[in-house]
(Lines give C-alpha, C1' and ligand atoms only; values in the text may rest on other atoms or scores of the structure.)
Protein backbone atom coordinates (compact mmCIF):
# COMPACT_ATOMS: atom_id res chain seq x y z
CA UNK A 1 0.00 0.00 0.00
CA UNK A 2 1.43 3.38 -1.00
CA UNK A 3 3.22 5.11 -3.84
CA UNK A 4 4.47 2.52 -6.34
CA UNK A 5 5.60 4.80 -9.18
CA UNK A 6 6.51 8.50 -9.36
CA UNK A 7 7.49 10.80 -12.21
CA UNK A 8 8.49 14.44 -11.73
CA UNK A 9 9.16 16.95 -14.52
CA UNK A 10 10.44 20.53 -14.28
CA UNK A 11 9.89 20.99 -10.55
CA UNK A 12 12.55 23.27 -9.06
CA UNK A 13 15.92 21.74 -9.98
CA UNK A 14 14.45 18.34 -10.95
CA UNK A 15 14.22 18.29 -14.75
CA UNK A 16 13.09 14.69 -15.04
CA UNK A 17 12.97 11.93 -12.44
CA UNK A 18 11.32 8.52 -12.29
CA UNK A 19 11.21 6.38 -9.14
CA UNK A 20 9.76 3.03 -8.14
CA UNK A 21 9.83 3.44 -4.35
CA UNK A 22 10.17 0.67 -1.80
CA UNK A 23 6.89 -0.02 0.06
CA UNK A 24 8.56 0.59 3.44
CA UNK A 25 11.69 2.74 3.87
CA UNK A 26 13.18 4.98 1.19
CA UNK A 27 16.31 6.91 2.09
CA UNK A 28 17.19 9.93 -0.10
CA UNK A 29 20.74 11.25 0.22
CA UNK A 30 22.56 14.24 -1.23
CA UNK A 31 24.29 17.46 -0.25
CA UNK A 32 22.28 20.54 0.65
CA UNK A 33 20.66 22.06 -2.44
CA UNK A 34 20.90 18.85 -4.46
CA UNK A 35 17.13 18.38 -4.76
CA UNK A 36 16.29 16.04 -1.87
CA UNK A 37 13.67 18.35 -0.41
CA UNK A 38 12.29 19.09 -3.89
CA UNK A 39 11.59 15.38 -4.27
CA UNK A 40 9.65 15.36 -1.00
CA UNK A 41 7.87 18.51 -2.13
CA UNK A 42 6.73 16.75 -5.32
CA UNK A 43 5.38 13.78 -3.38
CA UNK A 44 3.64 16.09 -0.91
CA UNK A 45 2.06 18.07 -3.76
CA UNK A 46 0.75 14.82 -5.23
CA UNK A 47 -1.15 14.07 -2.03
CA UNK A 48 -2.10 17.56 -0.84
CA UNK A 49 -2.38 19.66 -4.01
CA UNK A 50 0.00 22.24 -2.59
CA UNK A 51 3.59 22.72 -1.44
CA UNK A 52 4.83 22.63 2.14
CA UNK A 53 7.61 25.06 1.20
CA UNK A 54 5.84 27.87 -0.63
CA UNK A 55 2.34 29.29 -0.99
CA UNK A 56 3.23 30.42 -4.53
CA UNK A 57 3.01 27.41 -6.83
CA UNK A 58 4.66 29.35 -9.66
CA UNK A 59 7.92 29.21 -7.73
CA UNK A 60 7.99 25.45 -8.09
CA UNK A 61 8.25 25.63 -11.89
CA UNK A 62 11.85 25.20 -13.02
CA UNK A 63 13.45 28.36 -14.38
CA UNK A 64 13.04 28.57 -18.14
CA UNK A 65 10.09 26.15 -18.17
CA UNK A 66 6.38 26.97 -18.34
CA UNK A 67 4.97 24.04 -16.35
CA UNK A 68 5.71 21.26 -13.91
CA UNK A 69 4.09 17.83 -13.99
CA UNK A 70 3.89 15.21 -11.24
CA UNK A 71 2.35 11.79 -11.85
CA UNK A 72 2.09 8.78 -9.61
CA UNK A 73 0.51 5.37 -9.20
CA UNK A 74 -0.90 4.56 -5.79
CA UNK A 75 -1.94 1.19 -4.40
CA UNK A 76 -4.72 1.52 -1.82
CA UNK A 77 -6.84 -1.26 -0.31
CA UNK A 78 -6.35 -3.59 -3.28
CA UNK A 79 -6.98 -0.90 -5.90
CA UNK A 80 -4.60 1.10 -8.06
CA UNK A 81 -5.11 4.82 -8.61
CA UNK A 82 -3.38 7.12 -11.08
CA UNK A 83 -2.72 10.69 -9.99
CA UNK A 84 -1.55 13.52 -12.23
CA UNK A 85 -0.89 17.19 -11.44
CA UNK A 86 0.08 19.90 -13.89
CA UNK A 87 0.86 23.50 -13.00
CA UNK A 88 0.84 25.86 -15.99
CA UNK A 89 -0.56 29.28 -16.87
CA UNK A 90 -1.16 29.96 -13.16
CA UNK A 91 -3.59 27.06 -12.95
CA UNK A 92 -3.29 23.69 -11.27
CA UNK A 93 -4.96 20.79 -13.05
CA UNK A 94 -5.51 17.54 -11.16
CA UNK A 95 -6.53 14.17 -12.58
CA UNK A 96 -7.47 11.13 -10.53
CA UNK A 97 -7.72 7.89 -12.51
CA UNK A 98 -8.72 9.75 -15.65
CA UNK A 99 -11.17 12.14 -14.00
CA UNK A 100 -10.59 15.84 -13.43
CA UNK A 101 -11.02 16.79 -9.78
CA UNK A 102 -11.29 20.19 -8.14
CA UNK A 103 -10.95 19.41 -4.43
CA UNK A 104 -7.60 18.69 -2.81
CA UNK A 105 -9.48 16.58 -0.24
CA UNK A 106 -10.05 14.00 -2.99
CA UNK A 107 -6.27 13.63 -3.30
CA UNK A 108 -5.90 13.31 0.45
CA UNK A 109 -8.37 10.43 0.59
CA UNK A 110 -6.25 8.43 -1.87
CA UNK A 111 -2.80 9.49 -0.65
CA UNK A 112 -2.84 10.67 2.99
CA UNK A 113 0.54 12.28 3.67
CA UNK A 114 2.29 13.35 6.85
CA UNK A 115 5.45 15.45 6.77
CA UNK A 116 8.08 16.03 9.44
CA UNK A 117 10.39 18.85 8.35
CA UNK A 118 12.49 21.66 9.85
CA UNK A 119 9.64 24.18 10.14
CA UNK A 120 7.60 21.86 12.39
CA UNK A 121 8.68 23.96 15.38
CA UNK A 122 5.91 26.32 14.23
CA UNK A 123 3.55 23.80 15.83
CA UNK A 124 4.61 25.15 19.23
CA UNK A 125 5.87 28.60 18.31
CA UNK A 126 3.14 29.98 16.05
CA UNK A 127 -0.57 30.62 16.59
CA UNK A 128 -3.48 28.19 16.96
CA UNK A 129 -4.04 27.85 13.20
CA UNK A 130 -1.07 25.48 12.89
CA UNK A 131 -2.41 23.19 15.61
CA UNK A 132 -5.94 23.35 14.21
CA UNK A 133 -4.61 22.10 10.86
CA UNK A 134 -3.16 19.09 12.67
CA UNK A 135 -6.55 18.45 14.25
CA UNK A 136 -8.51 19.04 11.03
CA UNK A 137 -6.37 16.60 9.04
CA UNK A 138 -6.84 13.87 11.61
CA UNK A 139 -10.57 14.20 12.23
CA UNK A 140 -11.33 14.57 8.52
CA UNK A 141 -9.76 11.18 7.80
CA UNK A 142 -11.39 9.15 10.57
CA UNK A 143 -14.85 10.72 11.01
CA UNK A 144 -16.93 10.75 7.79
CA UNK A 145 -19.55 13.11 9.26
CA UNK A 146 -17.05 15.74 10.30
CA UNK A 147 -16.65 17.36 6.89
CA UNK A 148 -20.37 18.16 6.61
CA UNK A 149 -20.53 19.50 10.16
CA UNK A 150 -17.59 21.78 9.42
CA UNK A 151 -19.16 22.95 6.15
CA UNK A 152 -22.40 23.79 7.97
CA UNK A 153 -20.48 25.74 10.59
CA UNK A 154 -18.38 27.64 8.05
CA UNK A 155 -21.45 28.59 6.02
CA UNK A 156 -23.25 29.97 9.07
CA UNK A 157 -20.08 31.71 10.27
CA UNK A 158 -19.57 33.44 6.92
CA UNK A 159 -23.18 34.65 6.91
CA UNK A 160 -22.98 35.90 10.50
CA UNK A 161 -19.68 37.67 9.84
CA UNK A 162 -21.09 39.31 6.72
CA UNK A 163 -24.06 40.55 8.76
CA UNK A 164 -21.75 41.86 11.50
CA UNK A 165 -19.53 43.68 9.03
CA UNK A 166 -22.54 45.25 7.31
CA UNK A 167 -23.94 46.30 10.72
CA UNK A 168 -27.25 44.56 10.10
CA UNK A 169 -29.93 44.39 12.76
CA UNK A 170 -29.44 42.13 15.76
CA UNK A 171 -32.34 39.96 14.61
CA UNK A 172 -30.64 39.42 11.25
CA UNK A 173 -27.38 38.51 12.96
CA UNK A 174 -28.62 36.12 15.65
CA UNK A 175 -30.65 34.09 13.14
CA UNK A 176 -27.39 32.27 12.40
CA UNK A 177 -26.61 31.46 16.03
CA UNK A 178 -28.72 28.30 16.25
CA UNK A 179 -26.92 26.67 13.31
CA UNK A 180 -23.56 27.76 14.71
CA UNK A 181 -24.35 26.23 18.09
CA UNK A 182 -25.65 22.98 16.61
CA UNK A 183 -22.72 22.42 14.26
CA UNK A 184 -20.17 23.58 16.88
CA UNK A 185 -21.42 20.93 19.31
CA UNK A 186 -20.96 18.24 16.67
CA UNK A 187 -17.49 19.51 15.72
CA UNK A 188 -16.32 19.59 19.32
CA UNK A 189 -17.59 16.09 19.99
CA UNK A 190 -15.56 14.73 17.08
CA UNK A 191 -12.46 16.76 17.95
CA UNK A 192 -12.41 15.83 21.62
CA UNK A 193 -12.94 12.14 20.88
CA UNK A 194 -10.12 12.27 18.35
CA UNK A 195 -7.66 13.92 20.73
CA UNK A 196 -8.43 11.33 23.41
CA UNK A 197 -7.52 8.60 20.93
CA UNK A 198 -4.35 10.44 19.89
CA UNK A 199 -3.29 10.75 23.53
CA UNK A 200 -3.82 7.02 24.04
CA UNK A 201 -1.60 6.07 21.10
CA UNK A 202 0.97 8.73 21.97
CA UNK A 203 1.55 7.32 25.44
CA UNK A 204 1.59 3.72 24.24
CA UNK A 205 4.52 4.21 21.85
CA UNK A 206 7.51 1.90 22.25
CA UNK A 207 10.24 3.71 24.14
CA UNK A 208 8.10 6.65 25.27
CA UNK A 209 8.73 5.71 28.90
CA UNK A 210 12.37 6.67 28.28
CA UNK A 211 11.38 10.24 27.37
CA UNK A 212 11.40 12.14 30.67
CA UNK A 213 9.22 15.06 29.61
CA UNK A 214 6.47 12.78 28.26
CA UNK A 215 5.52 11.77 31.79
CA UNK A 216 4.54 15.36 32.64
CA UNK A 217 3.14 16.50 29.29
CA UNK A 218 -0.51 17.63 29.38
CA UNK A 219 -2.48 18.03 26.15
CA UNK A 220 -5.60 20.17 26.56
CA UNK A 221 -8.26 21.04 23.98
CA UNK A 222 -9.59 24.60 23.99
CA UNK A 223 -12.90 24.68 22.04
CA UNK A 224 -12.72 28.35 21.03
CA UNK A 225 -14.63 29.86 23.92
CA UNK A 226 -14.49 29.83 27.72
CA UNK A 227 -14.52 26.28 28.99
CA UNK A 228 -17.71 25.37 30.85
CA UNK A 229 -19.77 28.11 29.20
CA UNK A 230 -22.58 27.45 26.75
CA UNK A 231 -21.61 28.53 23.25
CA UNK A 232 -25.02 30.08 22.59
CA UNK A 233 -24.68 32.23 25.71
CA UNK A 234 -21.17 33.25 24.67
CA UNK A 235 -22.44 34.38 21.26
CA UNK A 236 -25.23 36.41 22.87
CA UNK A 237 -22.91 38.01 25.43
CA UNK A 238 -20.31 38.98 22.83
CA UNK A 239 -22.73 40.38 20.24
CA UNK A 240 -21.92 44.03 20.98
CA UNK A 241 -18.20 43.33 20.82
CA UNK A 242 -18.62 41.28 17.64
CA UNK A 243 -20.51 44.18 16.04
CA UNK A 244 -17.72 46.57 16.95
CA UNK A 245 -15.05 44.28 15.51
CA UNK A 246 -17.08 43.08 12.54
CA UNK A 247 -16.53 39.35 13.06
CA UNK A 248 -17.39 36.44 15.36
CA UNK A 249 -14.72 36.18 18.03
CA UNK A 250 -15.61 32.80 19.53
CA UNK A 251 -16.22 29.34 18.16
CA UNK A 252 -14.52 26.22 16.79
CA UNK A 253 -12.68 28.39 14.24
CA UNK A 254 -10.69 29.77 17.21
CA UNK A 255 -9.97 26.38 18.80
CA UNK A 256 -6.52 25.38 19.98
CA UNK A 257 -4.56 22.51 21.51
CA UNK A 258 -2.49 23.59 24.49
CA UNK A 259 0.55 21.70 25.74
CA UNK A 260 1.91 22.15 29.24
CA UNK A 261 4.65 20.57 31.33
CA UNK A 262 4.44 21.20 35.05
CA UNK A 263 2.07 24.09 34.41
CA UNK A 264 4.37 25.81 31.91
CA UNK A 265 3.94 26.07 28.15
CA UNK A 266 5.64 23.24 26.32
CA UNK A 267 7.53 25.60 24.02
CA UNK A 268 9.07 27.34 27.04
CA UNK A 269 10.31 24.10 28.60
CA UNK A 270 11.37 21.83 25.74
CA UNK A 271 14.62 22.12 23.82
CA UNK A 272 14.54 22.22 20.02
CA UNK A 273 15.39 18.53 19.87
CA UNK A 274 12.69 17.63 22.40
CA UNK A 275 10.15 19.69 20.45
CA UNK A 276 11.03 17.89 17.23
CA UNK A 277 10.74 14.48 18.87
CA UNK A 278 7.40 15.23 20.52
CA UNK A 279 5.80 16.81 17.44
CA UNK A 280 7.08 13.95 15.28
CA UNK A 281 5.51 11.45 17.67
CA UNK A 282 2.22 13.36 17.50
CA UNK A 283 2.17 13.10 13.71
CA UNK A 284 3.07 9.41 13.85
CA UNK A 285 0.27 8.83 16.36
CA UNK A 286 -2.06 10.28 13.73
CA UNK A 287 -0.76 7.78 11.19
CA UNK A 288 -1.26 4.84 13.53
CA UNK A 289 -4.76 6.01 14.46
CA UNK A 290 -5.63 6.40 10.77
CA UNK A 291 -4.56 2.82 10.12
CA UNK A 292 -6.41 1.46 13.15
CA UNK A 293 -9.70 3.21 12.35
CA UNK A 294 -9.80 3.14 8.54
CA UNK A 295 -7.25 0.59 7.34
CA UNK A 296 -5.42 3.33 5.41
CA UNK A 297 -1.68 3.85 5.71
CA UNK A 298 -0.18 7.33 5.63
CA UNK A 299 2.81 8.08 3.46
CA UNK A 300 5.35 9.71 5.78
CA UNK A 301 7.94 12.23 4.60
CA UNK A 302 10.84 13.19 6.89
CA UNK A 303 13.19 15.94 5.76
CA UNK A 304 16.54 15.59 7.55
CA UNK A 305 15.69 13.09 10.26
CA UNK A 306 19.05 13.45 12.01
CA UNK A 307 18.87 17.23 12.53
CA UNK A 308 18.44 18.28 16.20
CA UNK A 309 17.91 14.70 17.41
CA UNK A 310 20.43 12.85 19.55
CA UNK A 311 21.12 9.16 19.06
CA UNK A 312 18.54 8.04 21.65
CA UNK A 313 15.81 10.21 20.11
CA UNK A 314 16.60 8.93 16.62
CA UNK A 315 16.30 5.36 17.87
CA UNK A 316 12.90 6.08 19.45
CA UNK A 317 11.63 7.80 16.31
CA UNK A 318 12.73 4.97 14.02
CA UNK A 319 11.15 2.40 16.36
CA UNK A 320 7.84 4.24 16.18
CA UNK A 321 8.15 4.61 12.41
CA UNK A 322 8.39 0.84 12.15
CA UNK A 323 5.21 0.46 14.20
CA UNK A 324 3.22 2.64 11.77
CA UNK A 325 3.67 0.08 8.93
CA UNK A 326 3.75 3.09 6.60
CA UNK A 327 5.74 3.90 3.50
CA UNK A 328 8.44 6.36 4.52
CA UNK A 329 10.77 8.74 2.67
CA UNK A 330 13.69 10.12 4.69
CA UNK A 331 16.30 12.61 3.51
CA UNK A 332 19.86 12.85 4.81
CA UNK A 333 23.04 14.53 3.64
CA UNK A 334 24.86 11.20 3.81
CA UNK A 335 24.43 7.61 4.94
CA UNK A 336 26.90 8.20 7.77
CA UNK A 337 24.54 10.72 9.42
CA UNK A 338 22.12 7.84 10.06
CA UNK A 339 24.71 5.15 10.80
CA UNK A 340 23.16 4.35 14.20
CA UNK A 341 19.77 3.47 12.64
CA UNK A 342 21.04 2.31 9.24
CA UNK A 343 20.11 -1.37 9.70
CA UNK A 344 16.45 -0.40 10.16
CA UNK A 345 16.33 1.99 7.19
CA UNK A 346 18.31 0.18 4.48
CA UNK A 347 15.47 -0.87 2.17
CA UNK A 348 16.01 1.46 -0.79
CA UNK A 349 18.49 4.30 -1.17
CA UNK A 350 18.28 7.08 -3.76
CA UNK A 351 21.07 9.58 -4.31
CA UNK A 352 20.32 13.08 -5.58
CA UNK A 353 22.88 15.29 -7.31
CA UNK A 354 22.01 18.52 -9.16
CA UNK A 355 18.39 17.38 -9.42
CA UNK A 356 19.29 13.98 -10.90
CA UNK A 357 18.00 11.02 -8.89
CA UNK A 358 19.57 7.57 -9.01
CA UNK A 359 18.72 4.47 -7.01
CA UNK A 360 21.90 3.06 -5.47
CA UNK A 361 20.44 0.32 -3.24
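The values are calculated or read from the model by the stated rules, or taken from the named source; none is laboratory data. Keep in mind the model is a prediction, meaning the values are calculated, not measured. No Cβ is skipped: glycine too gets one built from the backbone with ideal geometry, and neighbour counts run over all protein chains shown.
Number of residues in segment 310-337 that are crowded, with 16+ Cβ neighbours inside 10 Å and touching a strand residue (DSSP E or B) at 6+ places or on another chain (Cβ under 8 Å) equals 11. Residue 55 meets the stated requirement of being part of a loop (DSSP other than H, G, I, E, B), assigned by TED's automatic domain parsing to the domain that holds residue 352 and over 30 Å from residue 318 (Cα atoms).
Could you look through segment 214-230, keep only residues that are assigned to a strand (DSSP E or B) and farther than 30 Å from residue 172 by Cβ, and pick out the one that is modelled with the highest pLDDT? Among them, the one singled out is 221. Across segment 21-46, the qualifying residues are those that are in contact (Cβ under 8 Å) with a residue 60 or more places away in the chain and over 18 Å from residue 114 (Cβ atoms), and the one among them that is surrounded by the most Cβ atoms within 10 Å (Cβ to Cβ) is 35. Filtered by the rule that a residue be loosely packed, with under 14 Cβ neighbours inside 10 Å and under 30 Å from residue 319 (Cα atoms), segment 167-206 gives 192, 193, 196, 200, 204, 206. In summary, helices (runs of 4 or more DSSP H) completely within segment 74-143 and bearing 3 or more residues that are closer than 17 Å to residue 43 by Cβ and touching a residue at least 24 places away in the same chain (Cβ under 8 Å) occur at 104-110.
Within segment 29-52, if we keep just the residues that are part of a loop (DSSP other than H, G, I, E, B) and touching a helix residue (DSSP H, G or I) at 6+ places or on another chain (Cβ under 6 Å), the residue that is farthest from residue 345 (Cα to Cα) turns out to be 49.
Taken together, the residues in segment 338-359 that are in contact with a strand residue (DSSP E or B) (Cβ under 7 Å, 6 or more places away or on another chain), in contact (Cβ under 8 Å) with a residue 40 or more places away in the chain and more than 24 Å from residue 291 (Cα to Cα) amount to 8. Every test in (1) farther than 25 Å from residue 38 by Cβ; (2) touching a strand residue (DSSP E or B) at 6+ places or on another chain (Cβ under 8 Å); (3) buried (at least 21 other Cβ atoms within 10 Å of the Cβ) is passed by residue 114 save one, and that test is (1).
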